[in-house]
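Rule-based calculations on the coordinates, nothing more; no lab input. Treat the numbers as computed from the prediction; the structure is a model and nothing was measured. When we count neighbours, we look across all protein chains shown, and the Cβ atoms used for this are built from the backbone with ideal geometry, even at glycine.
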Amino acid sequence: MSYRVYETPALVVSRWPYGEANFRHLLYTRDLGRIYATAQAVRKVASKLAPALQVGSRSNVSLVCGKSGWRLVGATAQQNFLLATPLAKQAVIERFLRLLTYLVPDQQVDQELYEIVSAGLEAVAASQSKQEIKASERLLVLRSLVQLGYAPSPEAPELEPFIRGFNYTDEVVTAFIPLASKAVQQINESLKTIQL
């Protein structure tokens, strides 16, 4: 019996040992949403998939869906947001990946959210100062919450120009810095609403 192979960009959100040499991965994919997938023999030294399936990686993955769920059959690394990244940026990225596990339901496809998250993680990784790191993180979280339907309250019209799209240029982040504390209030209200 042959299975259809699905190919999609994905972020590796988390992973844990599964069996003797396997890992179970939580992936956030552009075309399939949030899914759990098993990678066979990835804990072995000779595994070709292992580098592309590290937590914090953005990779192109190949998946099949069988009786026991999704299985990873191929992966090519694009970028790892955690490797060779300073600790301050790693903490921000890890915190956002944990938040993503709570916000996004299984297999809910949202390609725009994937692009917001992917570009936002790139912006955090490319940030030069602590102020830019904080602003990029807050913009990423705010945009993600808005895309998921947790819009900021009407008392924050000054945030409107920043909440749509996935542009994290230096100009956008710099213009957002003075509004970062207002964004934190909106983010906290949204998280309180969804009880996180």
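A straight Cα-to-Cα reach below 14 Å connects Lys89 with the aspartates and glutamates Glu122, Glu132, Glu137, residues fewer than 8 places away in its own chain not being considered.
Legend: translational diffusion of the chain by Stokes-Einstein, Rh = Kirkwood radius over C-alpha pairs, 25 °C, 0.890 mPa s; D = 140 µm²/s. Of the GluC sites (Glu not before Pro) found in the range 1-99, the ones in coil according to DSSP and having at most 10 other Cβ atoms within 10 Å of their Cβ are Glu20. With neighbours defined as other Cβ atoms within 10 Å of a residue's Cβ, the residues Lys89, Lys130, Lys182, Lys44 order from fewest to most as Lys130, Lys44, Lys182, Lys89. Centre-to-centre, using Cα atoms only, the range 153-196 and the range 20-77 are separated by 33 Å.
Computed over the chain, the per-residue total of -39500 (n - 2.57) for DSSP H runs of n ≥ 4 gives a 222 nm mean residue ellipticity of -12000 deg cm²/dmol, rounded to 500. Bridging of Lys48 to aspartates and glutamates at a Cα separation below 19 Å is possible for Glu7, Glu20, once same-chain residues fewer than 8 apart are set aside. Here the 3J(HN,Hα) profile of the range 55-61, calculated from phi with Karplus coefficients 6.51, -1.76 and 1.60 at θ = phi - 60°, is 4, x, 7, 10, 9, 8, 10 Hz, Gly and Pro shown as x. Taking the C-alpha atoms only, the angle from helix 130-147 to the longest principal axis of the chain is near 80 degrees.
The packing ranking, built from the mean of other Cβ atoms within 10 Å per residue, places the peptides 13-19, 140-146 in the order 140-146, 13-19, highest first.
Normalised by the number of residues in the chain, the average gap of Cα pairs under 8 Å and 6 or more apart makes the relative contact order 16 percent.
Residue order for Ser2, Ser59, Ser127, fewest other beta carbons within 10 angstrom first, comes to Ser2, Ser127, Ser59. Could you work out how far helix 87-103 tilts from the main Cα principal axis of the chain, as a 0 to 90 degree angle to the nearest 10? Tilt relative to the chain: about 80 degrees. May I ask you to work out the translational diffusion coefficient for the range 5-111 at 4 °C, viscosity 1.567 mPa s, via Stokes-Einstein with Rh from the Kirkwood sum over Cα pairs, reported in whole µm²/s? Diffusion coefficient, whole number: 93 µm²/s. Database remark: amide H of Ala75 closer than 5 angstrom to the amide H of Ser62 (H placed geometrically; neighbours at sequence offset of 5 or more, or on other chains; Pro and chain starts carry no H).
Between Gln195 and Ala46, the simple spin-label model (points 7 angstrom out along Cα→Cβ) gives 5.0 nm. Here's how it looks for Gly33: its modeled amide H is under 5 Å from those of Asp110, which are all 5 or more places away or on a different chain.
Sorted fewest first by neighbouring Cβ atoms within 10 angstrom, Glu112, Glu122 come out as Glu112, Glu122.
If you take all other residues with their beta carbon under 13 Å from the beta carbon of Tyr150, and give Lys and Arg +1 and Asp and Glu -1, the sum is +1.
Amide H to amide H, with H built 1.01 Å from N, Asn80 comes under 5 Å of Arg58, counting only residues 5 or more places away or on other chains.
The angle between the Cα long axis of helix 180-193 and the longest principal axis of the Cα atoms of the chain comes to about 60 degrees, rounded to the nearest 10.
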